[in-house]
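Written out below as structure tokens is the structure these notes cover.
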Amino acid sequence: MGVDERLRRIRGWLWIVVVGLFLSGVTAFPLEIEVRWLLRAADPLAEQFPALVGWIERVHVGLVETGDRYPFMRYGTDWLAYAHLVLAVAFWGPLRDPVRNVWVVQLGMIACVGIVPLALICGPLREIPWFWTVVDLSFAVGAFPPLWFAYRHIRAIELQQAEPAGSTRSSTPETAGPARP
């Protein structure tokens, strides 16, 4: 596979991550409204999924009451939203020059791995139901593969660029064909 094809694939995988980060950031600003909409949409499912609908209702009440009594607490989710947007912008570097900015992709993979202990430790401490912890873990599951695929293509480009110009890959004795006279 040529460098141009690898670059196209890298950018495709990275755009998935950038769009995900952007959407996560933008949707973290109007949480109270979104959770209200989610509760309305989930309400018909209350009999089939009482724990889920009950949780969404609890979250909505918590957001409303906290927002009414302590509006400054919303500032925390504003910073969460901002952090997602900043991370999305950070991926512009690898989109432009993936080999030079491979560290951003590595950082993204490390962050994905870090989601797992955070969700598994802090979720129970904050009384987050297990099914919602699984939703939180889905961010790692959703973002790690495209980052990994991009990373693999970046490393392949690095190897291609490290080969001396005009040289062909040397074959090892195990893969070499019969010797020619």
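The values are calculated or read from the model by the stated rules, or taken from the named source; none is laboratory data. Here the structure is a predicted model, which is why all the values come from computation and not from measurement. Cβ sites come from the backbone with ideal geometry, for glycine too, and all protein chains shown count toward neighbours. Heavy atoms of the whole protein, side chains included, go into the accessibility calculation; ligands, DNA and RNA do not. Shrake-Rupley method; radii C 1.70, N 1.55, O 1.52, S 1.80 Å.
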Here, the range 75-123 modelled as identical Cα point scatterers in vacuum has Debye log10 I(q)/I(0) at q = 0.13, 0.23, 0.30, 0.31 Å⁻¹ of -0.40, -0.90, -1.03, -1.05
For the chain, longest principal axis from Cα atoms; helix 31-42 axis from its Cα atoms; angle between them, nearest 10 degrees, is 80 degrees
Per GNM of the chain with C-alpha springs under 10 angstrom, the most fluctuating residue out of F72, F144, F22 is F72
Computed about the Cα centre, the charge dipole of the chain from +1 Lys/Arg and -1 Asp/Glu charges at the Cβ has a magnitude in debye, to the nearest 20, of 720 debye
Under a Gaussian network model of the chain whose springs join Cα atoms within less than 10 Å, the largest fluctuation of A83, A150, A51 belongs to A51
So the angle from the long Cα axis of helix 50-69 to the longest Cα principal axis of the chain, reported in degrees to the nearest 10, equals 70 degrees
For Cα extents along the principal axes in Å, with candidates (i) 44, 37, 31; (ii) 85, 32, 29; (iii) 40, 36, 33, the value calculated from the shown model is option (ii)
Plugging the Cβ-Cβ distance of V86 and E57 into 1/(1 + (r/R0)^6) at R0 = 41 Å yields, to the nearest 0.05, a FRET efficiency of 0.80
Ordering S24, S138 by the accessible surface of their heavy atoms, 1.4 Å probe, largest first, yields S138, S24
By accessible area (1.4 Å), largest first, Y151, Y70, Y82 order as Y82, Y70, Y151
Here the FRET efficiency for F22 versus V64, based on Cβ atoms and R0 = 35 Å and rounded to 0.05, is 0.85
For the range 5-18, Karplus-derived ³J(HN,Hα) couplings (6.51, -1.76, 1.60; θ = phi - 60°; whole Hz; x for glycine and proline) come out as 5, 5, 4, 4, 5, 4, 5, x, 5, 5, 4, 4, 5, 4
Two pseudo-spin positions, 7 Å from Cα along C-beta at Y75 and at L125, lie apart in nanometres by 2.3 nm
Heavy-atom accessible area of M73, protein chains in place, probe 1.4 angstrom, given in Å² to nearest 10, is 110 Å²
Ranked by GNM mean-square fluctuation in the chain (Cα springs under 10 Å), the top entry among P30, P146, P71 is P71
